[in-house]
1. Any chance you could give the angle, 0 to 90 degrees and rounded to 10, that helix 213-223 forms with the longest Cα principal axis of the chain?
2. Region 1-101: D in µm²/s via Stokes-Einstein (Kirkwood Rh, Cα pairs, 37 °C, 0.692 mPa s)?
3. Taking a ≥ b ≥ c as the square roots of the eigenvalues of the Cα gyration tensor of region 153-217, is the shape rounded (a/c under 1.5), prolate (a/b larger than b/c) or oblate?
4. What full-extension length gain, to one decimal in nm, is calculated for LEU239 and SER119 as 0.36 nm per residue of separation minus the Cα-Cα distance?
5. Alpha carbon centre of region 40-112 versus region 123-187: separation in Å?
6. Cα-based Rg (one decimal) and Dmax (whole number) for the chain, in Å?
7. Could you work out how much longer the chain between LYS31 and TYR182 gets when fully extended? Use 0.36 nm per residue separation minus the Cα distance between them, nm to one decimal.
8. Given H placed on each backbone N at 1.01 Å, which residues far from ILE19 in sequence or on other chains put an amide H within less than 5 Å of it?
Amino acid sequence: MSKRLISIDGLPKNMDLSIIILNYKTKNLIKELLKNFAELNLQYKYEIIVVDNNSHDKIEETVKKFDNIKFVQSNKNKGFAGGNNIGIKEATGKYIMICNPDLAILSNGIQVMYDYMESHPEVGLAGPRLINADKSIQYSCTSFPDWHLPLYRRTSLGNSAKGQAWLDKYLMKDSNHQQNFYTPALFGACMIVRKSALEKVGLLDERYFMYMEDLDWSRRFWENNYKVAYIGQAEIVHLHRRESAESNIFKSLFAKSARYHIFSFIKYLKKFKGKELPNTN
């Protein structure tokens with residue numbers, strides 16, 4: 001891994017917030033997100049760390065156009081967990097915010113998340129209410145998964161009455177997503193972390209290349225006596241669209257993204273085999 005710091009003269013060493021953006025061939029999305037951050041009037045000391053997962057897409061040239069960005073180049077694609085861990089190790093903030101490149105930050109979304117963490121010291125990990133561009137909700141807090149997860153999330157079986165009932169419960173659709181509440185787990189598109197908690201909880205588990213690392217992390221926060229929170233009062237746009245499940249079950253299971261999801265889910269099951277689920281009250 002090589003590290004190059006771009007335009008950071010005059011920045012304080014200890015930040016209130018470190019924002020990590022992981023790139024893998026998403027240069028144009030990151031350009032728009034950096035523009036978005038530049039337009040925000042954040043009322044605290046913050047740094048932005050862009051980590052490139054060996055994309056070879058000349059992302060550094062894009063980053064150079066913005067002030068006060070820390071750029072870190074990885075010589076290997078280490079996946080979601082490994083790439084974000086590189087950024088976490090560079091972060092100096094009291095809180096660390098992990099942002100997918102395909103986000104659009106609305107007016108006070110980050111401020112609401114920051115203020116929530118300041119007033120809830122029992123919370124180690126939190127995430128906002130994610131919405132689509134059309135303002136419909138993306139369900140991003142979940143219960144802990146069981147063996148049904150890959151079948152109902154990755155195949156057309158999720159469209160059956162039984163599948164829909166399981167998914168509705170898993171995605172906590174009966175909760176009031178306009179409000180803040182504790183949740184067993186969060187999806188990792190946007191998360192804010194209390195840095196001091198990582199001494200007990202540890203970094204993202206790099207055995208997961210893609211998928212399940214966020215649910216694993218959520219579970220470990222609970223196991224180490226930190227709460228995980230859904231901040232429904234903080235709204236952030238996530239432009240990502242999930243791939244639709246194939247009508248052919250076997251085709252859907254052998255799609256590349258589905259294979260990653262299934263392999264990661266098997267690792268998750270093996271890791272926590274025989275362990276009781278943590279109390280999430």
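1. 90 degrees
2. Numbers: Rh = 13.3 Å.
The calculation lands on 246 µm²/s.
3. Numbers: a/c = 3.35, a/b = 1.55, b/c = 2.16.
Oblate is the answer for region 153-217, as a/c is 1.5 or above yet b/c matches or exceeds a/b.
4. 40.3 nm
5. 26 Å
6. That works out to 18.4, 58 Å for Rg and Dmax.
7. Values: separation 151, 0.36 × 151 = 54.36 nm, distance 3.32 nm.
Fully extending the segment from LYS31 to TYR182 adds 51.0 nm.
8. Those qualifying (amide H under 5 Å, at least 5 residues apart or on another chain) are GLU47, ILE48, ILE49, MET97.
Laboratory data are not the source of any read-out in this text; all were calculated from the coordinates shown. Since we're looking at a predicted model, the values are computed, not measured. No Cβ is skipped: glycine too gets one built from the backbone with ideal geometry, and neighbour counts run over all protein chains shown.
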